[in-house]
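Scroll down for the structure; my scribbles are underneath it.
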Amino acid sequence: MSLNSLGLNTQKTNELVIDLNNLLANFQVYYQNLRGIHWNIRGKRFFDLHAKFEELYNDAQVKVDEVAERVLTLGGTPLHTFEDYVNAAKVPVGKDIHEDEKSVKLVINSLTELLKIERVILDKSDEAGDEGTNSMMSDFITEQEKTVWMMKAWLGEKI
């Protein structure tokens, strides 16, 4: 078994880099979705949702940077082209969404996809003994679960 300079199994780390790059691509699409709904939201709930979507895209921007830096820390190269992002992403692309409920549903659907990816990375990073990635995923999951709950509550729905 080959270990890298962080003391982690090289093969498992390389697999995590692939998964983190996949997460990065999906976060970039999520981020762009948030920018779009922030700009284009209309209606009586404009002020509340405009501010909320800005809060969410600022958070997503920070997470994009954290994921990319984790890829670098593990010895990989972060994806960095729109082509890479679109080809890898499972997060739905939200185009020309102006309505409040459609916007909130896009956030929920996007976070649902991100959570699926993050749970896989959480399991793999635990198996690899990669506490840095594991901790990051745990923090992301905790925050995003709360956001999904709040968005569902806004819609009048249960988890």
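Quick notes
- Comparing Cα centroids, the stretch 79-105 and the stretch 15-75 end up 10 angstrom apart.
- Between 0 and 90 degrees, the angle of helix 46-73 with respect to the longest Cα principal axis of the chain falls at about 10 degrees.
- Here the chain is treated with +1 on each Lys and Arg Cβ and -1 on each Asp and Glu Cβ, and its dipole about the Cα centre works out to around 600 debye.
- Note on Lys152 and Glu113: the model spin-label points, each 7 Å out from Cα along the C-beta direction, lie 1.9 nm apart.
- Segment Glu83-Gln11, extension gain: residue separation times 0.36 nm, minus the distance between their alpha carbons: 23.3 nm
- The C-alpha atoms of the chain define a longest principal axis, and helix 131-155 lies at about 10 degrees to it.
- Angle of helix 100-128 to the longest C-alpha principal axis of the chain, folded into 0 to 90 degrees and rounded to 10: 10°.
- Within the chain, longest stretch free of exposed trypsin sites (Lys or Arg not before Pro) [DSSP loop, at most 11 other beta carbons within 10 Å]: 96-157
- Annotation: aspartates and glutamates with alpha-carbon distance below 14 angstrom to Lys152 (same-chain offsets under eight excluded): Asp100, Glu101.
- The chain, helix-only ellipticity at 222 nm - DSSP H runs n ≥ 4, -39,500 (n - 2.57), divided by all residues, nearest 500: -26500 deg cm²/dmol
- Convex hull volume of the C-alpha atoms in the stretch 10-155, normalised per residue: 90 Å³.
- Among the listed pairs Lys52/Lys158; Lys63/Lys158; Lys63/Lys95; Lys44/Lys146; Lys52/Lys124; Lys63/Lys105, those beyond 30 Å (Cα-Cα): Lys52/Lys124
Any read-out appearing in this document is the output of simple, stated calculations on the displayed coordinates, not a laboratory observation. Bear in mind that the values here come from a model prediction, so they are computed numbers and not experimental data. In this analysis, Cβ positions are derived from the backbone assuming ideal geometry, glycine residues included, and neighbour counts consider all displayed protein chains.
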